[in-house]
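Scroll down for the structure; my scribbles are underneath it.
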Amino acid sequence: MNPETQAYNQSQTGADAQICDLLAHEIDRHLPEAKNKIWHAHPVWFLDGNPIVGYSKLKSGIRLMFWSGADFEEEKLRPGTGKFKDASVLYTDAAQIDTADLQRWLSKSRAIQWDYKNIVKRKGTLLRLP
C-alpha cells in the first residue's frame, strides 16, 4: 500500500479505519497497475493519468467514488449531481462492503473511462476513452 494512503487510513478511527484498509487492499489487489496517491486530500487510484477510484471521509461515513461510475449501470452506485460521470456508495461499517460488487466495479472502472486528465486542454469537454 502507498505509504501516504496508509497514513490516511491510520488517521481514521474505528470503523472508518477498517473500511479504508479494506477498500485500499481490494483496490490494490484488483487494479495492480493503477498508480495510487493522495489527491485533493484523499486516496485516489489512476490509470494512464486518469482518476479511476478513490475514497474520502465524510461526516456520514466513507464515500467510495468511481470517476466514471455513472456509466457502470450499477444500482448500488449513486450518480453524482455535477457535470461529471461519477458515482459513489457510502459505507459506515466494513461489513457493508460486498467484495464481489467491489471487484465487479473495479473491473468496470478499467473498461469504462472518461478522459478526465485532458478535460482542461479540451476546454471542458469530457470524452469517453476507447
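Read the figures in this text as sums done on the coordinates, not as results from a lab. No experiment lies behind these values; they were computed from the predicted model shown. Because the Cβ atoms are built from the backbone with ideal geometry, glycine has one as well, and the counts that use them run over all protein chains shown.
Please find, among 53, 44, the residue that is farther than 20 Å from residue 96 by Cα, part of a strand (DSSP E or B), of a type outside the set (Lys, Arg) and under 13 Å from the mean Cα position of the chain (by Cα).
Values: 53 fails: farther than 20 Å from residue 96 by Cα.
After ruling out the rest, the residue left standing is 44.
Just to check your reading of the model, which residue among 85, 108, 76 is in a loop (DSSP other than H, G, I, E, B) and in contact with a Phe, Trp or Tyr (Cβ under 8 Å, 6 or more places away or on another chain)?
Answer to the check: 85.
Are any residues in the stretch 79-89 out of contact with any Pro (no Cβ under 9 Å at 6 or more places or on another chain) and surrounded by 14 or more Cβ atoms within 10 Å (Cβ to Cβ), and if so, which ones? Full working, then the answer.
First, the residues of the stretch 79-89 that are out of contact with any Pro (no Cβ under 9 Å at 6 or more places or on another chain): 79-84, 89.
Answer for the stretch 79-89, where residues must be out of contact with any Pro (no Cβ under 9 Å at 6 or more places or on another chain) and surrounded by 14 or more Cβ atoms within 10 Å (Cβ to Cβ): 79, 80, 84, 89.
Tell me the residue from 98, 48 that is of a type in the set (D, E, K, R) and either surrounded by 13 or more Cβ atoms within 10 Å (Cβ to Cβ) or in contact (Cβ under 8 Å) with a residue 60 or more places away in the chain (or both), please.
48
Hey, among 67, 39, which residue is touching a strand residue (DSSP E or B) at 6+ places or on another chain (Cβ under 9 Å) and under 24 Å from residue 96 (Cα atoms)?
67
So, in the stretch 58-73, of the ones that are over 25 Å from residue 11 (Cβ atoms) and either surrounded by 21 or more Cβ atoms within 10 Å (Cβ to Cβ) or among the charged types (D, E, K, R) (or both), which residue ends up farthest from the chain's Cα centre (by Cα)?
73
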